[in-house]
Amino acid sequence: MAYEETVNRLRSSFREGKTRPLQFRISQLKALNKFVEENKEQILESLKKDMKKPLFEVELSEFSLLKSEINLALNNLTTWTADEHVSKNLVTALDSAFIRKEPFGVVLIISPWNYPVNLSLIPLVGAIAAGNCAVLKPSEMSQNTEKLLADGLSRYLDKDCFAVVLAGVEGTTRLLENKFDYIFFTGSPNVGRIIMMAAAKHLTPVTLELGGKNPCYVHDECDIKNAARRIAWARYFNAGQICLAPDYVLCSDHIKEKLLSELQSSIHEFYGEDPKQSPDFARIISVQHFKRVSALLACGKIVTGGQTDESEKYIAPTILVDVKESDPVMQEEIFGPILPILTVSGFDEAINFINDREKPLAAYVFSSNSQIVHQFLDRTSSGGFCANDGFMHNIIPSLPFGGVGHSGMGMYRGKFSFDTFSHSRACLLRSDGREKLNEMRYPPYNESRLGFLQYAMETKRKSSCAVM
Ligand code: NAD
C-alpha cells in the first residue's frame with residue numbers, strides 16, 4: 001500500500017511511546033516555532049509566489065495566529081495533560097476516578113491552499129501537544145508553500161514521528177487507504193464527504209473543517225460607513241479566498257444605495273484607484289480557480305470592479321447587485337473577491353433566507369440595536385458568529401473554531417485543539433481489597449441490596465423551590 005512505510009514508521013515510534021513525554025512535546029513545539037522564525041523570509045516568498053499574499057495579511061493571519069497557538073500550548077501543556085479528577089458516587093467513594101487525556105496515535109492532517117501555513121501548522125500544534133505522531137498533507141495548489149513545509153519541517157521535527165506527504169488527489173486517495181487513528185481535514189464540503197467515507201472504512205474519527213456561504217445581514221439601524229469598511233476588509237482579505245469571508249450581504253432596499261456607496265468608498269480607500277496596482281490585494285491561487293470565480297461575474301449587475309486579468313490571476317474587488325437566488329453566485333461558495341448584495345424586506349425575511357440554506361461556517365450581523373443582534377444570534381445557527389464585524393472572532397484562541405452541519409464537525413484552536421487530538425479515557429483505580437463493600441452487587445441478588453446500591457449510585461435531582 002502507498003505510504004504504508006511512512007505510516008508504519010510513525011506507528012512504531014508511537015508504540016514505543018516516543019511522543020508521550022511532556023518534554024518531547026515541548027521540544028517539538030519549540031522546534032516548530034523555530035522553523036517558522038528561521039524560515040520567515042522563505043515562507044513570505046512562497047506565499048507571495050503562490051497568491052501574492054500581502055505581507056501585512058501574512059503576518060496577521062498566518063504568523064500571529066500560529067505563534068499564539070504555539071505559545072498557548074507551551075504555556076498550558078502541563079495543565080492540559082494532567083489527569084482530570086472527577087466527582088464520584090458513594091459506591092466509588094474510596095477509589096480514584098479521573099479522565100486521562102491520551103493521544104490517539106498516528107493522525108492525518110489534510111489542509112487547503114488558502115492559508116497553507118496556518119491551516120497546516122495550527123492543527124499540527126494540537127496533534128503534537130496531545131502526544132500524537134502526525135502525517136501532514138498540505139495542498140498541492142499552494143505548491144511553493146507545500147514544498148517549503150515538506151523540506152523545512154523534516155529538518156526541524158523528529159522524522160520518526162512527523163512526516164509531510166506531497167500528494168494531489170490521486171496520492172491523497174491512496175494515502176487515505178492507510179489506517180489512521182484520527183483525521184483532521186480542512187477543505188471543501190465535497191471533499192469532506194470523500195474523507196469521511198475513507199475514514200469510515202477504518203472507523204477513524206474525523207474533524208471536518210469545511211466552508212460554505214457565510215451570510216452577512218446589515219440592519220437598517222447601524223453605522224453604515226463602519227459596517228461597509230469592515231465588510232469590505234473581510235470580503236477582500238486574501239482576495240476573498242478565506243472560508244470565513246462574508247459571502248453575500250442581505251439588507252433592505254432602504255439602505256442599499258447608502259451601503260453600496262460606502263462599500264465603493266471603502267474599496268477605493270483600501271486599494272486605491274486601480275486595485276491591481278495595490279500591494280495589499282492578493283491574487284487567485286490558480287488559473288482553474290480564476291476561471292471558476294470569473295464566471296460568477298456574469299451573475300446580476302456589476303456596480304464596482306469586474307476587471308480581470310488571467311495572466312496575473314487578478315480579479316478586481318467586485319460588488320454585484322440584482323443577483324437572483326438561483327444564480328450560480330448564490331449556489332456555490334464564492335471564495336473570491338466578489339460580493340453580491342441582495343435585498344430583503346426586513347429582519348424576518350433575512351432570517352428565513354439564512355435558515356433556508358445550509359448552516360454556514362460564520363454568520364454576521366451589523367446593527368446598533370442589541371435586540372436585533374441577539375435575535376439574529378438566537379434564530380440562526382452557524383459555526384461561529386460575529387456582530388458588527390467580519391471574522392474577528394477568529395483571533396481569539398479561547399473560542400472554538402469549527403463548523404456545524406454542512407460547514408463541518410468538530411472544532412479546534414487552543415485547548416480545543418488539544419482536546420480534539422486527545423481521547424478522553426475514563427479511568428477508575430480501585431483497590432483489590434475491601435471485598436465486604438463489593439459483595440452487595442453479587443448474586444444471589446436481593447431487594448435490600450438493590451435498594452442500597454441504587455441509593456449509593458444514582459444521581460439525585462436537585463430539589464427545586466417551585467413557587468407557582
Ligand atoms: P479542497 O477540498 O479542494 O482541498 C483540500 C485538501 O483536500 C487539499 O489538500 C487537497 O489536496 C485534498 N483533496 C482534494 N480533492 C481530494 C480528493 N478527491 N480526495 C482526497 N483529497 C482531496 O479545498 P481547497 O480548494 O483547498 O480549499 C477551499 C475550501 O476549503 C473552501 O470550501 C473553504 O471554505 C474551505 N476551507 C475551510 C476552512 C475552515 O477552517 N473551515 C479553512 C480554509 C478553507
(message) Sequence gap at least 6, Cα distance under 8 Å: using those rules, report the relative contact order of the chain to the nearest whole percent.
(response) 19
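Of Lys67/Lys147; Lys18/Lys101; Lys101/Lys147, which ones are farther than 23 Å apart at the Cα?
Exceeds cut-off: Lys101/Lys147.
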(request) Please provide three numbers in whole Å: the alpha-carbon extents of segment 192-304 along the principal axes, with the largest listed first. (result) 54, 35, 25
(request) Of the DSSP beta bridges with both residues in the chain, give the percent that are antiparallel, rounding to the nearest 5. (result) 35
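Please compute the volume of the convex hull spanned by the alpha-carbon atoms of segment 15-129 and report it per residue in Å³.
Working: hull volume 15.8 nm³, N = 115.
Spelled out: Cα convex hull of segment 15-129, divided by residues, is 138 Å³.
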(request) Would you order Glu333, Glu257, Glu4 from fewest to most other beta-carbon atoms within 10 Å of each residue's own beta-carbon? (result) Glu257, Glu4, Glu333
(request) Please report Lys313, Lys53 as a ranked list, fewest other C-beta atoms within 10 angstrom at the top and most at the bottom. (result) Lys313, Lys53
(request) Taking the Cβ of each residue in Asp158, Asp322 as the centre, tally the other Cβ atoms inside 10 Å and list the residues starting with the fewest. (result) Asp322, Asp158
(request) With only alpha-carbon atoms counted, please give the Rg and Dmax of segment 92-144, in Å. (result) 16.5, 59
(request) Using only the alpha-carbon atoms of segment 363-405, report the extent along each of the three principal axes, biggest first, to the nearest angstrom. (result) 27, 22, 14
(request) Could you pull out every one of the lysines with an alpha carbon less than 17 Å from that of Lys313, ignoring same-chain neighbours closer than 8 positions? (result) Lys48, Lys49, Lys52, Lys53, Lys276, Lys291
(message) I want to verify the translational diffusion coefficient of segment 151-251 in µm²/s; compute it with Stokes-Einstein, Rh as the Kirkwood radius over Cα pairs, at 10 °C and 1.306 mPa s.
(response) 94
(request) Ratio to report: Rg/Rh of the chain, with Cα atoms as the point set and Rh obtained by the Kirkwood method; give two decimals. (result) 1.05
(message) Would segment 256-301 count as rounded, prolate or oblate if I go by the C-alpha gyration tensor, calling it rounded below 1.5 in a/c and otherwise prolate when a/b exceeds b/c, oblate otherwise?
(response) oblate
(message) Once the convex hull of the alpha carbons of segment 141-189 is built, what does its volume come to per residue, in cubic angstrom?
(response) 106
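A short reminder: the numbers here are calculations on the coordinates, not readings from a lab. Here the structure is a predicted model, which means the values were calculated and not measured. Here the Cβ is made from the backbone with ideal geometry for all residues, glycine too, and neighbour counts use every protein chain on show.
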